[in-house]
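The values are calculated or read from the model by the stated rules, or taken from the named source; none is laboratory data. Treat the numbers as computed from the prediction; the structure is a model and nothing was measured. Methodologically, a virtual Cβ is constructed for each residue, glycine included, from the backbone with ideal geometry; neighbour enumeration extends over all protein chains shown.
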Amino acid sequence: MGMGNYAAFAEVVSKGFVEKISPEKFQNLIEALDEVENMSMEELAICAQYQEDIFGELITKCSEEDAKKIYDAYNDLCMDFAEKTDLSLYLMYHNAEDRGDEVNGAFWCVEGVYTYTPAGEKYKNEIGRKFWTNFG
């Protein structure tokens with residue numbers, strides 16, 4: 001199989017926008033991350049990257065008790081955000097490796113705006129599409 005770069009994109013919102021929509025839940029996530037040594041938003045984004053087994057990935061980086069706290073805080077934030085905006089929120093990670101991509105590190109994405117649903121139309125000034133390339 002050949003290797004090469006391929007294009008990717010996401011509907012990206014700022015950390016500030018996420019915090020503005022769900023300030024209490026966002027703060028709960030920050031506090032849960034701060035309680036665990038060497039755990040950051042970047043580390044959580046790496047665990048959350050594929051949305052398949054975030055909890056299992058977290059356990060590889062911290063205790064089961066700490067992983068549950070972080071996992072619950074992350075899910076609470078995403079659910080609260082969805083209730084308030086009708087948009088699905090998730091965290092992603094990308095290492096741009098000096099390629100000049102529009103994202104690098106942890107970033108917040110939303111789903112449900114591709115064709116500007118009523119929720120997407122309402123927040124379209126807060127949402128930007130970012131592009132990057134992956135190698136594989």
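A few remarks follow.
- When the residues of the range 8-19 are filtered to those that are out of contact with any helix residue (DSSP H, G or I) (no Cβ under 9 Å at 6 or more places or on another chain) and in a helix (DSSP H, G or I), the one that is surrounded by the fewest Cβ atoms within 10 Å (Cβ to Cβ) is 16.
- The range 82-136: number of residues that are among the hydrophobic types (A, V, I, L, M, F, W, C), farther than 17 Å from residue 49 by Cβ and surrounded by 15 or more Cβ atoms within 10 Å (Cβ to Cβ): 5
- Members of the range 59-74 found to be of a type outside the set (A, V, I, L, M), over 27 Å from residue 118 (Cβ atoms) and part of a helix (DSSP H, G or I), listed by number: 64, 65, 66, 68, 69, 71, 72
- In the range 78-101, residue farthest from the chain's Cα centre (by Cα) [restricted to those that are in a loop (DSSP other than H, G, I, E, B) and acidic (Asp, Glu)]: 98
- Scan of the range 28-38 for residues that are at negative phi and modelled with pLDDT under 90, ordered by number: 37
Every residue, every condition in (1) touching a Ser or Thr at 6+ places or on another chain (Cβ under 9 Å); (2) in contact (Cβ under 8 Å) with a residue 40 or more places away in the chain; (3) outside any strand (DSSP E or B), yes or no:
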{"residue": "76", "(1), (2), (3)": "yes, yes, yes"}
{"residue": "103", "(1), (2), (3)": "no, yes, yes"}
{"residue": "109", "(1), (2), (3)": "yes, yes, no"}
{"residue": "115", "(1), (2), (3)": "no, no, yes"}
{"residue": "124", "(1), (2), (3)": "no, no, yes"}
{"residue": "132", "(1), (2), (3)": "no, yes, no"}
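- Selection within the range 45-81 - buried (at least 18 other Cβ atoms within 10 Å of the Cβ) and of a type in the set (Ser, Thr, Tyr): 71, 74
- Single unsatisfied condition, residue 89 versus (1) over 15 Å from residue 26 (Cα atoms); (2) of a type in the set (A, V, I, L, M, F, W, C); (3) touching a Cys at 6+ places or on another chain (Cβ under 7 Å): (1)
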